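Inspection log for the structure reproduced underneath, given as structure tokens.
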Amino acid sequence: MNLTNRAVTLPLWAILYFVLGYFSHKFNGPFTAAGYIWLPAGVTVAAFMLAPMRRWLGLGLAFLVAQMLLGMVEGRDAFRMVLFSLDEIGFAALAVAVIHLTKFSLEGLAFLRGLLLAGVIASVGGAVIGAGWFWLFLDVPFWATAKVWAAADFVGVLIVTPVFAGWARFRAARSGGRQPGEFFFGLAALACVLATAALVFDGTRIAQLSLGVAYALTYIPLFFVAIVALLLGGRGGSVAVALLTVLVLVNTAQGDGPFAETALYHGDSLLIAQLYLAVAALLTLLINTLRTAREQTNAQAAARQNDVELALAASGQLVYRLDPHSGRLRWSGSVERALGLHDSALSTLDDVLARVHPDDRAEVRRRWLRECDGEMRGDLTFRLLLPAGATTTIVDMSGPLLDGDDSVALIAGAWRVIASHDTEGRRAA
């Protein structure tokens, strides 16, 4: 589903903002200036990334309405909510505008680079203005507020934005794509993320373990998150991080799990949880970036190979590489279309010579197996006994590749298939 092309876009983004903001405040508990968790930061950045700039004003107004409703539900000062909205939403829009000046894309390394840049600009800019206002008018310490504010916004961007950016571009594949085994193993790994996270971050289940062991166990869900990202790609990885986020934050906010056990107070445990979730999100983004780059490279190589195959088929040519030591040949182009044989039928030099006309066999053998001093040689025309009872005329255009000791390392060449009635050609001198 493309969220930017639906009539319900603005209300949907506003609802997402409101819901994630409500749960963020529930996780935070009572706070004065800045909450330790602010997931709507990822919603605003994702919305501006996915929408064309002409729709940004409408998005900004929708987010402003959602923030004002959230303030009304929680009984917060309306004027402060307006300032907070302009600060957060404005810097999110500015951050996305900045990354659009670069080579931004929703895939690969460009997305990772753009996401990190947008997260830094939105979080730091919003934190400086917000903490500055609290410092000037409410005498709240600037640094203590700014670092919590920036951390909450940055982690919110890392966790939430990839989910929407990935799934907004989702298209159901009709055929091909991921192997069934990869898909089911990916689902199994996703289930392991849920199971291990529930086990590790539920304080009642690890109470009998030492704190050091409990901390060590927190790496297990990260391992399964990485497996999900490898098998299911960026969308699956982002879902795994989102589910891990819910389990970690719910348990930590309730005072359960290793993070809550070591923290001096509630805010410290949430900050530690934020750092843990940021590592999980960055790990997933990095794996997805590398995976996407590999897939793009493979797709480009396959496209080039397909172009070569089509060009060879259209021109009636075959390209080969012969190892003179083993006698093995590797073909490019459709041997079956050109000669009516499967590739394996001409996989060795002996296979080819067995199908060469007896009058031409010795000359073909000398051409391929003679010691070569690097001199240029002309084309060779010879006949194949194909199909059965008939002959096909071939023009061979080839040359050797020499090793450092001037011995032949391999022979590369091309065959041009001539119609049976065309028997003219050039012979090597």
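The values are calculated or read from the model by the stated rules, or taken from the named source; none is laboratory data. Everything quoted here is computed from the prediction, not taken from an experiment. We place every Cβ from the backbone using ideal geometry, glycine too, and count neighbours over all the protein chains shown. For the accessible areas, the whole protein counts, side chains as well, though only heavy atoms, and no ligand, DNA or RNA atoms are used. Shrake-Rupley method; radii C 1.70, N 1.55, O 1.52, S 1.80 Å.
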Original post:
Assuming residue 127 fulfils every condition listed in (1) part of a helix (DSSP H, G or I); (2) farther than 15 Å from residue 94 by Cβ apart from one, which condition is it?
Top reply: (2)
Original post:
Looking at this structure, is residue 48 assigned by the TED database to the domain that holds residue 138, open to solvent by 30 Å² or more (accessible area, probe 1.4 Å) and assigned to a helix (DSSP H, G or I)?
Top reply: no
**OP:** Hey, can you tell me all the residues within segment 15-41 that are of a type outside the set (Ser, Thr, Tyr) and within 15 Å of residue 64 (Cα to Cα)?
**Re:** 15, 16, 18, 19, 20, 21, 40, 41
**OP:** Considering only segment 32-60, state which residues are touching a helix residue (DSSP H, G or I) at 6+ places or on another chain (Cβ under 8 Å) and without any contact (Cβ under 8 Å) to a residue 24 or more places away in the chain.
**Re:** none
Original post:
If a residue has to be surrounded by fewer than 16 Cβ atoms within 10 Å (Cβ to Cβ) and of a type in the set (Asp, Glu) to count, how many in segment 118-155 make the cut?
Top reply: 1
Original post:
Looking at segment 110-117, is at least one residue open to solvent by less than 70 Å² (accessible area, probe 1.4 Å) and either out of contact with any Leu (no Cβ under 9 Å at 6 or more places or on another chain) or assigned by the TED database to the domain that holds residue 289 (or both)?
Top reply: yes
Subject >> Hey, residue 106 closer than 17 Å to residue 161 by Cβ, assigned by the TED database to the domain that holds residue 142, open to solvent by 20 Å² or more (accessible area, probe 1.4 Å) and outside any helix (DSSP H, G or I) or not >> reply: yes
Original post:
If residue 86 satisfies every condition in (1) assigned to a helix (DSSP H, G or I); (2) at pLDDT below 90 but one, which is the exception?
Top reply: (2)
**OP:** Can you confirm whether segment 75-87 contains a residue that is within 19 Å of residue 24 (Cα to Cα), open to solvent by less than 10 Å² (accessible area, probe 1.4 Å) and of a type in the set (A, V, I, L, M)?
**Re:** no
**OP:** Quick one: which residue in 244, 290 is within 27 Å of the chain's Cα centre (by Cα), modelled with pLDDT of 85 or more and assigned to a helix (DSSP H, G or I)?
**Re:** 244
Original post:
Can you find a residue in segment 62-78 that is without any contact (Cβ under 8 Å) to a residue 12 or more places away in the chain and of a type in the set (A, V, I, L, M, F, W, C)?
Top reply: yes
Subject >> Among (1) crowded, with 18+ Cβ neighbours inside 10 Å; (2) under 37 Å from the mean Cα position of the chain (by Cα); (3) at pLDDT below 85 - the single one residue 329 does not satisfy >> reply: (3)
Original post:
Is it the case that segment 19-41 has a residue that's surrounded by fewer than 21 Cβ atoms within 10 Å (Cβ to Cβ), within 29 Å of the chain's Cα centre (by Cα) and polar (S, T, N, Q)?
Top reply: yes
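For (1) touching a helix residue (DSSP H, G or I) at 6+ places or on another chain (Cβ under 8 Å); (2) crowded, with 22+ Cβ neighbours inside 10 Å; (3) modelled with pLDDT under 80; (4) assigned to a helix (DSSP H, G or I), each residue gets a yes or a no:
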residue: 234; (1), (2), (3), (4): yes, yes, no, yes
residue: 264; (1), (2), (3), (4): no, no, yes, no
residue: 267; (1), (2), (3), (4): yes, no, yes, yes
residue: 296; (1), (2), (3), (4): yes, no, yes, yes
residue: 312; (1), (2), (3), (4): no, no, yes, yes
**OP:** Kindly indicate whether residue 96 is assigned by the TED database to the domain that holds residue 54, closer than 24 Å to residue 276 by Cβ, aliphatic (A, V, I, L, M) and under 22 Å from the mean Cα position of the chain (by Cα).
**Re:** no
